[in-house]
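Below: the structure, in structure tokens.
The values are calculated or read from the model by the stated rules, or taken from the named source; none is laboratory data. Not measured: the values here are computed from a predicted model. Cβ coordinates were reconstructed from backbone atoms using ideal geometry, including for glycine residues, and neighbour counts include every protein chain displayed.
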Amino acid sequence: MSRKTERLVNLTIALLATKRYITKSEIFRTVDGYEGADDSKERMFERDKDDLRNLGIEIEVGTFDPLFEDESGYRIKPENYQFQLGEVDAQEIALLSLAAEAWRGASMAPSALSALNKLHAIGIESDTELLLNFAPAIISQDKNLAVAISAITSKTVLSFSYLSETLQPESRALEAYAVTSRYGHWYIFGNDLDRKALRVFRLDRISGDLKLQGRSGSYEIPLDVDVDSAFAKPSGLLKATLFLRDGRGLNLRSRGVEIKGGRAPLGWQEYELEYRDHERFVEEVLWYGSDVIVSEPLSLRDEIIAHLKSGVVKYG
Amino acid sequence: MAKPQSTPVEKAARLLDLVPFISTHQGIALTDLAREFSLTESELLSDLNTLWMCGLPGYTPLELIDLDFESGYVSIRNAEVLQRVRLLTKQELVIILLGLDILANSLDAERSDLLEAISQLISRIKNIVGNVATAMPIVDSSHRAAIGQAIKSRKDLLINYHSTIRDTVTERTITPLEISLDHGFEVLHAYCQSAAGFRTFRLDNMKSVTISTLSVATPKMADLPGFESGFESGFEWDLLISSRFRTSSERFRATYQARESAKAERITVSSFSQDWLLRNAVSTLTSVEVLTPVSARALIAEKCRQSLELYETWAFSK
């Protein structure tokens with residue numbers, strides 16, 4: 001096991017130290033750890049290149065003289081190897097570390113630890129006062145999140161089974177563009193290849209594992225991708241006027257506008273609200289029981305009354 | 001952070017990170033270095049012994065990395081090639097981007113200095129990976145930090161708490177015990193001085209959190225009378241879901257899985273709060289029927305009647 005580790009480190013050092021491209025035969029001759037028959041050395045080298053690439057280390061391939069078809073050579077350009085966020089100060093190190101620390105215990109913890117090691121290696125002491133006053137935490141135990149992020153960074157199509165409202169599994173293929181966390185849930189946003197449209201999926205509604213499908217780099221993420229737009233207030237929202245009992249319906253109050261001097265009886269206030277999903281809104285109003293009464297529209301009011309009457313019949 | 005057994009590739013990555021770290025921390029104690037990299041001391045020694053065998057082609061003492069760690073303190077020479085800190089992978093950049101976004105979105109506007117610094121870092125990262133990740137936190141990170149500090153320093157907390165079940169906001173003095181996860185949401189187990197009992201508070205429902213100036217002798221959780229039963233005495237209900245399966249299951253926080261038929265399904269749900277179950281039952285009148293307990297059915301009917309009466313009174317009638 002340590003032979004493989006040693007070989008990868010030695011290969012990195014050799015390719016990073018060289019100013020010219022070095023050929024495969026030079027590598028096999030001079031870098032420690034390439035042993036055995038030619039084809040096994042070839043296989044070893046191909047695997048090592050892939051492993052380094054997965055660590056984010058790009059090996060550049062080139063020839064000594066572009067006019068002649070020489071044997072290809074390899075090297076790692078220092079600028080492609082080194083920390084790419086430029087100069088960072090103590091405050092920035094603290095912020096970047098806090099951002100990585102936020103994943104403590106979550107599904108991406110190994111990547112976060114590796115990022116933290118690199119940040120510490122920069123050798124600038126971080127601003128510890130900052131670390132004390134803020135404790136961001138990212139809550140995700142879902143291993144599908146790591147696959148989703150990997151699909152986005154490698155631009156590989158994702159396939160998965162999504163549970164509909166009736167809990168029927170639906171097969172989906174998605175060019176993933178972005179992930180986002182909202183309302184305590186994780187969502188993945190992208191181009192749904194079957195529906196041929198932009199779609200958002202809640203990660204915890206995916207049945208089973210997300211799977212990477214096909215080659216990496218198989219699509220481009222549009223430059224103007226805007227995951228927030230998928231959650232923006234749509235036009236054509238529905239409107240309702242509600243009576244809210246004093247001090248109750250707190251979530252509704254925070255989303256609505258009070259109609260001052262309205263028709264609310266003593267001990268109540270009248271609020272106007274906008275909503276998107278009719279069925280969800282009906283359920284929300286019912287949730288508050290006798291603390292929230294619908295005033296308008298009449299159709300919504302009648303619907304709520306009908307539900308309540310059906311409740312009395314069912315349970316009475 | 002929990003760390004699984006390293007693969008040879010992970011170990012190689014760590015060695016590449018150890019070199020610049022030791023270079024900027026010459027003479028660091030083995031124990032400190034192990035802690036920095038979340039390793040045991042023997043794992044670290046194994047890493048250092050491997051690194052010792054690495055260097056430039058030739059691999060004579062002139063080319064090999066020169067490490068000294070026998071004294072218990074680590075120093076490094078002859079490792080100029082690897083002294084650069086490795087670049088962050090795209091995966092690492094995305095998770096840092098999410099962490100920064102969470103942080104920025106939970107800071108007060110008055111911390112404009114930090115907001116500006118975060119926004120610059122975010123734009124530097126987005127230049128590399130694109131606008132591929134955003135996060136809106138539901139918990140204020142300064143609240144979480146205050147809770148952590150209070151637990152550590154054995155102080156009480158004053159909180160302004162929005163109980164979504166009771167639909168009220170109350171001020172409480174609590175003795176914080178432990179943060180954990182409940183159905184994917186962060187909760188604080190605490191002794192509520194105001195209610196004189198153990199309570200569980202969702203962090204995202206805390207409107208403000210202030211550390212009390214008074215120290216308390218925080219009792220050990222296991223020693224607290226009724227601790228085991230204090231949080232989750234529960235109510236268990238049997239339901240029949242006939243439509244809106246996903247929404248109804250989520251509302252009752254029941255786990256669900258793919259189903260082939262569209263037939264009604266019987267499930268059992270539980271909660272420490274009967275009021276929460278009742279509210280959910282009234283909310284899902286058309287898609288869910290509560291089968292047992294029978295006493296719950298009578299309570300739901302009563303709740304429906306109370307609302308209907310209001311719709312029929314002159315003040316609300318049309």
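Quick rundown of the values:
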{"read-out": "Residue satisfying all of: in the range B:281-297; over 15 Å from A:E303 (Cα atoms) and facing chain A (nearest Cβ under 7 Å); nearest to the chain's Cα centre (by Cα) among these", "value": "B:E289"}
{"read-out": "Check on A:S140, closer than 30 Å to B:K152 by Cα, assigned to a loop (DSSP other than H, G, I, E, B), in contact with a His (Cβ under 9 Å, 6 or more places away or on another chain) and more than 7 Å from every other protein chain (Cβ to nearest Cβ)", "value": "no"}
{"read-out": "Sole exception among (1) crowded, with 21+ Cβ neighbours inside 10 Å; (2) under 14 Å from A:I13 (Cα atoms) for B:E80, by number", "value": "(1)"}
{"read-out": "Contacts under 6 angstrom Cβ, first residue in the range A:93-120 being more than 7 Å from chain B (Cβ to nearest Cβ), partner part of a helix (DSSP H, G or I) and not hydrophobic (A, V, I, L, M, F, W, C), 6 or more apart", "value": "A:L119/A:S97"}
{"read-out": "Qualifying positions in the range A:217-229 - touching a Lys or Arg at 6+ places or on another chain (Cβ under 8 Å), surrounded by 13 or more Cβ atoms within 10 Å (Cβ to Cβ) and within 12 Å of chain B (Cβ to nearest Cβ)", "value": "A:I221"}
{"read-out": "Condition met for B:D66 (surrounded by fewer than 18 Cβ atoms within 10 Å (Cβ to Cβ), charged (D, E, K, R) and more than 7 Å from chain A (Cβ to nearest Cβ))", "value": "yes"}
{"read-out": "Hits in the range B:109-136 - residues which are farther than 25 Å from A:G56 by Cα and either within 7 Å of chain A (Cβ to nearest Cβ) or touching a residue at least 24 places away in the same chain (Cβ under 8 Å) (or both)", "value": "B:A117, B:M136"}
{"read-out": "Residue count for the range B:115-157, restricted to those that are assigned to a strand (DSSP E or B) and either buried (at least 21 other Cβ atoms within 10 Å of the Cβ) or modelled with pLDDT of 95 or more (or both)", "value": "5"}
{"read-out": "Residue list for the range A:74-92, filter: touching a residue at least 24 places away in the same chain (Cβ under 8 Å) and closer than 19 Å to B:P20 by Cα", "value": "A:I76, A:P78, A:Y81, A:F83, A:V88, A:D89, A:A90"}
{"read-out": "Complete set of residues in the range B:193-208 that are more than 23 Å from A:G184 (Cβ to Cβ) and in contact with a strand residue (DSSP E or B) (Cβ under 9 Å, 6 or more places away or on another chain)", "value": "B:Q193, B:S194, B:A195, B:G197, B:F198"}
{"read-out": "Residue ranges of helices (runs of 4 or more DSSP H) in the range B:25-109 with at least 2 members of a type in the set (G, A, S) and closer than 30 Å to A:A148 by Cβ", "value": "B:90-105"}
{"read-out": "Top-ranked residue of the range A:230-274 - restricted to ones that are under 30 Å from A:A176 (Cα atoms) and not polar (S, T, N, Q), ranked as nearest to the other protein chains (Cβ to nearest Cβ)", "value": "A:F231"}
{"read-out": "Selection within the range A:1-36 - farther than 20 Å from B:D47 by Cα and at the interface with chain B (Cβ under 7 Å from one of its Cβ atoms)", "value": "A:L16, A:A17, A:T30"}
